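Before any comments, here is the structure.
The values are calculated or read from the model by the stated rules, or taken from the named source; none is laboratory data. Please read these numbers as outputs of a predicted model, since none were measured by experiment. In this analysis, Cβ positions are derived from the backbone assuming ideal geometry, glycine residues included, and neighbour counts consider all displayed protein chains.
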Amino acid sequence: MENLPVHFRSQTREKQIIDGKVLRLMSQYVCIPDPQLKGIVTRLYCRQGYYLQMHPDGTLDGTKDDSSNSTLFNLIPVGLRVVAIQGVKTGLYIAMNGEGYLYTSELFTLECKFKESVFENYYVIYSSMIYRQQESGRAWFLGLNKEGQVMKGNRVKKTKPAAHFLPKPLEVAMYREPSLHDVGETVSKARVTPSKSTSASAIMNGGKPVTKSKTS
């Protein structure tokens, strides 16, 4: 550049400055945002003696196997003491609908938000952020029964072992904030977890599990 005439050198420097500004402005709009939420990859051990697990088809239950990849969950902070619980292998979020049934969803909605509270002896309880008993105001909790099956949230009491989970963190991870969708958007994509109250043929209909209609 030193061998160029003065006016050419001036134009070149000016072009470099302009190009630099343009690149900086473009980077603010086209770059992929960096992960900003610090969460953990963990297993959730229930006081009933089971690890919570999510099968490849999205169903939930408990297992004694502490090495299964189905027991790995992303615990993502989405508010003050509020978390999303996402299966590491499936990418599905655990959710609770308006009747207390647990299901798994490909989309992150308000039904996927759980309040995380420390109960006692380092056990943690997870309650729905939007649903509770109308009259008493009692929260609805994530829980496993003595057989390792998921329970309806309105049947789980926070003082019972069914609701007590002990996170066993494996690593700290950074996450991007999940995009919040309307509950109705998950109707065609959600999966209900079969339990004593819902059969494997149940589907999501406006957030409520119903039996599929019989075809002739």
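Return the pairs, sorted by first residue and then second, in which the second residue is part of a helix (DSSP H, G or I) and of a type outside the set (D, E, K, R), the first residue lies in the range 97-117 and is without any contact (Cβ under 8 Å) to a residue 60 or more places away in the chain, the beta carbons are less than 6 Å apart, and the residues are 6+ apart or on different chains. From the range 97-117, the pairs are Gly100/Gly153; Gly100/Asn154. If you go through the range 50-91 one residue at a time, how many are in contact with a strand residue (DSSP E or B) (Cβ under 8 Å, 6 or more places away or on another chain), farther than 23 Å from Arg132 by Cα, not in a strand (DSSP E or B) and not β-branched (Val, Ile, Thr)? Count: 10. Look at the range 146-164: where a residue is part of a loop (DSSP other than H, G, I, E, B) and a partner is at pLDDT below 95, sitting 6+ places away or on another chain with Cβ atoms under 7 Å, you get Lys152/Ser197; Lys158/Phe119; His164/Phe119.
Of the residues contained in the range 109-129, one or more are found to be in a strand (DSSP E or B), in contact with a Pro (Cβ under 9 Å, 6 or more places away or on another chain), among the β-branched types (Val, Ile, Thr) and over 20 Å from Met174 (Cα atoms). Ile85 - would you say it is within 17 Å of Lys168 (Cβ to Cβ) and out of contact with any Leu (no Cβ under 7 Å at 6 or more places or on another chain)? So Ile85 does not fit the description; no. Checked against (1) in a loop (DSSP other than H, G, I, E, B); (2) at pLDDT 95 or above, Ser197 passes all but condition (2).
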